[in-house]
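Beneath this line is the structure, given in C-alpha cells, with notes to follow.
The values are calculated or read from the model by the stated rules, or taken from the named source; none is laboratory data. Quantities reported herein were computed from a predicted structural model and do not represent experimental measurements. Reconstructed Cβ throughout: ideal geometry from the backbone, glycine too, with neighbour counts over all protein chains shown.
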Amino acid sequence: MTDSLLRGVEDASRSLEKVLLGKQQQIRLALTCLLSQGHLLIEDLPGMGKTTLAHGLARVLGLEDQRVQFTSDMLPADIIGVSVFEPANGEFRFHAGPVFCQLLLADEINRTTPKTQSALLEAMEEGQVTADGHSYRLPKPFFVIATQNPVTQFGTFPLPESQLDRFLMRISLGYPAPEVERQLLLGGDTRAMLDDLPRSLTPNDLLDIQERCSQVHASSSVIDYLQRLIQFTRDSELFSYGVSPRGGLALLRSARTWAWLDGRTHLVPEDIQQVLEPVIGHRIRPAEEVGSHAGARLVNELLAQVDVLG
Amino acid sequence: MKQLSRAAVIWQLAAFFATLVPHLSWMPFWLIGLCIITPATRLMIHSGRWSLPHWSVKLVLVMAVIGGLLLTFTRETGVRATVALLIAGLALKMIEIYHRRDALVLLYVSLFVSGTAYLFHQSILMALYSLMTTVLIVAALNSIYQDPLRNDWLRPLKRSLRLVGFALPLMLVLFIIFPRIGPLWSVPLNQNAARSGLSDRMAPGDISQLTRSNELAFRATFEGPVPAPQQRYWRSMVYGHYDGRTWTRLPRREQFRLAEVDLVGDSEPLAYEVVYEPSNNPWLVALDQPSAAPSGSFLTKGNAPLRYRPVDRRISYKSSALLDYRLQPDLPEYDRQAYLQLPGENSDPRSRELAERWWRETGGDADTFVRRAFTLFNREFSYTLSPPALSGYRVDGFLFDSRQGFCGHFAGALTFLLRAAGVPSRVVAGYQGGQWNEDEAYLTVRQYDAHAWVEYWQQGRGWIRVDPTAAVAPERVSQQADRLFADDPAFLSDTPMARLRFGSGWMADFQRQLDALNFSWHRWVLNYQGQQMELLKGLLGEVNLARLGLLFFIPFVLVMGVVAWLQLGGRKRSRDPLERALARLLADFQKRGHPRASNETIQAFSQRMSTHFPAMAGELRALAKCDEAVRYAGRPDARKALLAAIAACYRALKSSRAKEKRLT
C-alpha cells in the first residue's frame, strides 16, 4: 500500500518534470508542501513557469482547480462569491466564487490590494469563508498555490508577515540551465502537454499520504538539531527576529514529508536542511536590509553555523 | 536602530540610580530633579507614549544645565563640580538613547561616576555598595546585548554576578601587588569650608560652630595604658598672637627667632597610632606633649605637629607622647616677650585693670592668679554653645558683659589676663576627649571634640597646661562632648540623624560595631600601602619589575585559564563513550586535512570521505548506516555495531596513512 502511494507520487513528479524541465528540486518541494497540507507561494519573475507548475500540480494530483488572476481592482467578493437577489422566490442566493475548489491558483497575489489578500486569509487558515454573515465550508483537501512577483517590481502590494506566515513554503523557480532552455525551445507546446498529464493520485490518496507522513519517526537528536536552528535565528545578531513556534512546527512537518518521499520512516538532519530555506526563508528577516533575497544567504549562514551533531 | 528590550531599559535605570545614591548628600536640588525627570521621560519614550525630544529641546536643556552648574559651583572648580557635570551628562544622555552605542556611553560613564563616590566616602559600606553598583551596571551592559524579543529579567543579573565573580580574584591580586602611586594631582575636596576642622585662626565663636559637626576627625590606638579622659589633650596648633579680635599663630619671622623646643620628661613615652581623616590642612594632632614628630611632619616651635603637605587623603602615622613633662623650663627673653604680646596699649582697659589688680592681690603668683580666674569663671560665667556675638573690646565684652561662651572665649580671655599681668602664655587648639571603643580598643575623636586651652610659662616648670573651660564646666573635660551637649539644641543641629548615635540600645550598639568595622577597614585596607612593600619583599625576596610582573601574570593566566576551560573545554567533552570515540575519529580525519563541516551529518561526511579514501568506502558506509540507525532511526540496539564501525574506520584510516608513508 505504502509503495503504491509512493510510486504514485514518483509518477506525478516525473510527469511534472516533463512540462517543467530541469526543476526536479522545485517540483519535489512543491509536492512536499502540498503533501504536508500546506499552502505554497511561488515567487519569481513573470514567465518563469509558475503557472505551469501550479496547473501541473492540480492535474497530476487529480484536484479540481480554479484560477484567479489577481488585479489591483479586485474585490473580496470576486474570490469568495456574492449573494444575489432572486426575484423568482424573493430570496438571496449565494453564488460561490472561485475559492470553492480543491486547489486555488492565486496568480500574482501581490498585485491586488491588502483587503482582497486578507479575504484569502480566512480561507487558508480556517478552511472556510464568510460572506454576508454566513460561513461556508470549503471542500477538503483545500490548497492555495499563490504566485507573486518580487516585491521590488512596480504595482505590487507586498504580503504582510501575518499572511506570509500562512504559506508553508515559499519557493522560486529561477532561470533554466542553458541546455535545458535549449530543450525547451526545441520542444513542443507545453500547454497541450499540460492537458495530457496523467492523473497519478486521487484526493483520497493525498489524505492517506498525509497520515503516513505524520508517522515518520523524529529522534531526539533531530529534534535537538531543529531546536538549535530555531534558537540560533532568535539569538543571532544576523536576524532582526527569529522563527516563530509555528515556523518550527512547519519545518518539522515538511521535513517529515520529505523523509517519506525518500522512502524512509525516520527523519535525518538532511531532510530539515533540504526544506529549511523554503520553509523559513519568508518567516525571517535579516537584521540589516540587504536586498529582497537575503533570506537564502541567511539560511546558508544558519546552516553553516549550527552544528548538526550538537 | 537595534531595539533595546524593556528589561534592558529598566536595568539601565537601576544602574543609573544606584550610581547616584552616594552623591545624593551633596547634589544640588535641581540636579536631583533632573535625575528624576529624565529617567521618567526615558520610560515614557520607551513605552511609545512620547517621542524622542527635538534637538531644540535638548539644546535648551544643555544650556540650562551648564547655567545651573556655573551658578551652583561658582566658587568651586573641584571634584564636586566635575562629578556634578558628569551626573548631569548622564541624566541628559538618558533621553537621547537611540543606539546601543548610546547606552554603552551611559553605562561606561556610570562606572566612572560610581568610582568617584570614593572621593566622598571610603567606608566599608561604601565598598560593598560600589560592588553592588558594579554588578548592576554590568547587568545593564549584559541586558543591552539581549535580544529585544527575549525580555528576560534575571539572565543579565546572573551573568553579571558570574562576571564580577570571575573578576574578584583579579581584583584582590591587583589590590595586593599593584603599586600605590601617589596622587598625581591634588584633589581639592573643599567640602568642609563652612563647618569643620580646626582653623589656623581663632575668633571667639568659631569653635561653637565647629562643635555642631559630628564628622570624624581622627581615630587613635595606644600601645600602652590608655590615658584618662582628663589627659586626652590632642595638640594641633599654638596661637601666640592676638590682634584684638582673632588669635593666630605667631608671625613667621618671629617663629624663626624662637628657641628650639626643649622637652624634659621622666616617664616612659606613650606610643600611639593615629588614623587621620583628610582635612586639606597641613596640621596634625599629637597627644600632649609630643616627644617625636609623626612621620612626614615636624614639630613647630610651639611643639605642635605640622605636615609638609596638606592632608588630602586619609593618612595614618605613629607618634609618642610624654604625659609627665617639663616643656622648655628655660625660656629666652625673646620668647618671653613674644608670648606677652597684646594688641596696642589701650585695648580692653577693664580687663587690663582687672589683671593688674589681681596680680597685686595675689602677690605676683601665677598659679594663684589662675585659680582666681577659675573661681570667677566658675561662679559668674556660664558655658554655652551659642554665645552672643561680641563687638568692640571683645575680652572686656566677654569678661564683664556677656559672661557666657565656649572654650575659645575662656581660653582667649585667660591668656589675655595672664599676658596683661606679665605672665607669658598662649592658647593651644586641638581636640579634647573622644569616645573610647572598648571592644576594639581605640579612641574616636570627632569634630565636636575640638577644644582650646591655655599654657602659661613659669621659670623652671616650663609651660603649664590649664583648661579654663574645666573651671566653668568640668564635665566638658571629664566627660565626652556628646554626653555633655546632648541637651543643647545647637549641638549637632545640622545633622539630626547623628543623635541616634548617642541613643542607647541596639541602634547605638550597631553604630559602635559599624564604627569599629570601619576603623579596621581604614587601618588595614585603605592604609595598605605601608605593608605592601614588606609583604612583597617577604613574597619575592627582592622586589623588581620582572618579579612583580610575574606575580601579576601568574594569577592572571590562572584565572583566564579557568575561564577559558569553563567556556570552551569543559562543556564539549561528552560522557558517552560512543560520542567520545566518534569525536576521536573525526579529530583524526581533521588531522588528515578533512574536517567535518558543522552542517554535515555523519552520513554526508562519510560519503564525502569515501571519495577521498576509496579504500575504506565499505567501512564508511557501515559507519553512516549504523550512525543513522542509532541517532535518527531510534534503534539503540545498533550502538554496538556503531562502536565497531567507528573502530573499523579508525583502523582503516590508520592503515591508509601507513600505506601512504610507505609509498613516500
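Of all residues in segment B:97-110, those satisfying the criterion of being buried (at least 16 other Cβ atoms within 10 Å of the Cβ) and touching a residue at least 24 places away in the same chain (Cβ under 8 Å) are B:97, B:103, B:106, B:107, B:110.
Determine whether residue B:108 is among the aromatic types (Phe, Trp, Tyr) and assigned to a loop (DSSP other than H, G, I, E, B).
Values: among the aromatic types (Phe, Trp, Tyr): yes; assigned to a loop (DSSP other than H, G, I, E, B): no.
Criteria not met by residue B:108.
Summed over segment B:1-43, residues that are in a loop (DSSP other than H, G, I, E, B) and among the small types (Gly, Ala, Ser) total 2. Among the residues of segment A:227-245, is any under 21 Å from residue A:5 (Cα atoms) and out of contact with any helix residue (DSSP H, G or I) (no Cβ under 8 Å at 6 or more places or on another chain)? No, segment A:227-245 has no match at all.
Looking across segment B:115-130 at every residue that is out of contact with any Pro (no Cβ under 8 Å at 6 or more places or on another chain) and in a helix (DSSP H, G or I), the one that is nearest to residue B:144 (Cα to Cα) is identified as B:115.
When residue A:248 is tested against (1) part of a helix (DSSP H, G or I); (2) surrounded by fewer than 22 Cβ atoms within 10 Å (Cβ to Cβ); (3) at the interface with chain B (Cβ under 10 Å from one of its Cβ atoms), just one condition goes unmet, and that condition is (3). Taking the criterion of being outside any strand (DSSP E or B) and within 14 Å of residue A:39 (Cβ to Cβ), the residues of segment A:87-119 that qualify are A:99, A:101, A:102, A:109, A:117. Of all residue pairs spaced 6 or more apart or on separate chains, those with beta-carbon atoms under 7 Å, a first member in segment B:61-90 that is without any contact (Cβ under 8 Å) to a residue 12 or more places away in the chain and a second member that is assigned to a helix (DSSP H, G or I) are B:73/B:80; B:73/B:81; B:73/B:84.
When residue B:327 is tested against (1) under 22 Å from residue B:462 (Cβ atoms); (2) crowded, with 21+ Cβ neighbours inside 10 Å; (3) without any contact (Cβ under 8 Å) to a residue 24 or more places away in the chain, exactly one condition is not met: (3). Per the conditions (1) within 14 Å of another protein chain (Cβ to nearest Cβ); (2) among the aliphatic types (A, V, I, L, M); (3) within 30 Å of residue B:636 (Cβ to Cβ), the sole criterion not satisfied by residue A:243 is (3).
Conditions tested, residue by residue: (1) over 19 Å from residue B:324 (Cα atoms); (2) free of Cβ contacts under 8 Å to residues at least 60 places away in the same chain.
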| site | (1), (2) |
| --- | --- |
| B:219 | yes, no |
| B:271 | no, yes |
| B:288 | no, no |
| B:302 | no, no |
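From A:283, A:253, A:199, grab the single residue that is basic (Lys, Arg) and under 30 Å from residue B:625 (Cα atoms). I'd like the intermediate steps shown before the answer.
Numbers: A:283 fails: under 30 Å from residue B:625 (Cα atoms); A:199 fails: under 30 Å from residue B:625 (Cα atoms).
Result: A:253 is the single residue among A:283, A:253, A:199 that is basic (Lys, Arg) and under 30 Å from residue B:625 (Cα atoms).
Under the condition of being in contact with a strand residue (DSSP E or B) (Cβ under 9 Å, 6 or more places away or on another chain) and not in a helix (DSSP H, G or I), the residues counted in segment A:6-45 number 9.
Beta carbons closer than 8 Å, at least 6 apart along the sequence or on distinct chains, pair a first residue in segment A:195-206 that is exposed (fewer than 15 other Cβ atoms within 10 Å of the Cβ) with a second that is not in a loop (DSSP other than H, G, I, E, B) for A:195/A:59; A:198/A:11; A:198/A:15; A:198/A:60. With respect to the conditions (1) acidic (Asp, Glu); (2) within 12 Å of chain B (Cβ to nearest Cβ); (3) under 18 Å from residue A:164 (Cα atoms), residue A:301 falls short on a single one, namely (3). Go through segment B:12-44 and give me each residue that's more than 20 Å from residue B:96 (Cα to Cα) and of a type outside the set (A, V, I, L, M, F, W, C). If the condition is that a residue be more than 20 Å from residue B:96 (Cα to Cα) and of a type outside the set (A, V, I, L, M, F, W, C), then B:22, B:23, B:25, B:28 are the ones that fit.
Tell me whether segment A:281-290 contains one or more residues that are part of a helix (DSSP H, G or I) and crowded, with 17+ Cβ neighbours inside 10 Å. No, segment A:281-290 has no match at all.
Give me a count of the residues in segment A:258-276 that are part of a loop (DSSP other than H, G, I, E, B) and facing chain B (nearest Cβ under 7 Å). It would help to see each step written out before you state the result.
Step one: list which residues in segment A:258-276 are part of a loop (DSSP other than H, G, I, E, B), which gives A:262-265, A:267-268.
From the residues that got through so far, the ones that are facing chain B (nearest Cβ under 7 Å) too are A:267-268.
So the count comes out to 2.
Of the helices (runs of 4 or more DSSP H) lying entirely inside segment B:433-514, those containing at least 1 residues that are modelled with pLDDT of 65 or more span B:468-472, B:475-478. Listed conditions (1) surrounded by 17 or more Cβ atoms within 10 Å (Cβ to Cβ); (2) at pLDDT below 80; (3) among the polar types (S, T, N, Q) are all met by residue B:186, apart from (1). If the condition is being within 14 Å of another protein chain (Cβ to nearest Cβ) and in contact with a His (Cβ under 9 Å, 6 or more places away or on another chain), then segment B:593-628 contributes B:605, B:608, B:628.
A count restricted to segment B:613-653 and to residues that are touching a residue at least 60 places away in the same chain (Cβ under 8 Å), more than 22 Å from residue A:264 (Cβ to Cβ) and charged (D, E, K, R) stands at 0. Residue by residue through segment B:223-267, note down the ones that are in a helix (DSSP H, G or I) and among the aromatic types (Phe, Trp, Tyr). Result: B:256, single match.
Please return the ranges of strands (runs of 3 or more DSSP E) entirely within segment B:286-356 where 2 or more residues are at pLDDT below 85, of a type in the set (Lys, Arg) and assigned by TED's automatic domain parsing to the domain that holds residue B:118.
Values: elements: B:290-292, B:297-299, B:305-307, B:315-321.
Qualifying strands (runs of 3 or more DSSP E): none found.
Examine segment B:572-591 for a residue that is without any contact (Cβ under 8 Å) to a residue 40 or more places away in the chain, away from every other protein chain (no Cβ under 14 Å) and either in contact with a helix residue (DSSP H, G or I) (Cβ under 6 Å, 6 or more places away or on another chain) or buried (at least 18 other Cβ atoms within 10 Å of the Cβ) (or both), and state whether such a residue exists. Taking every residue of segment B:572-591 in turn, none turns out to be without any contact (Cβ under 8 Å) to a residue 40 or more places away in the chain, away from every other protein chain (no Cβ under 14 Å) and either in contact with a helix residue (DSSP H, G or I) (Cβ under 6 Å, 6 or more places away or on another chain) or buried (at least 18 other Cβ atoms within 10 Å of the Cβ) (or both).
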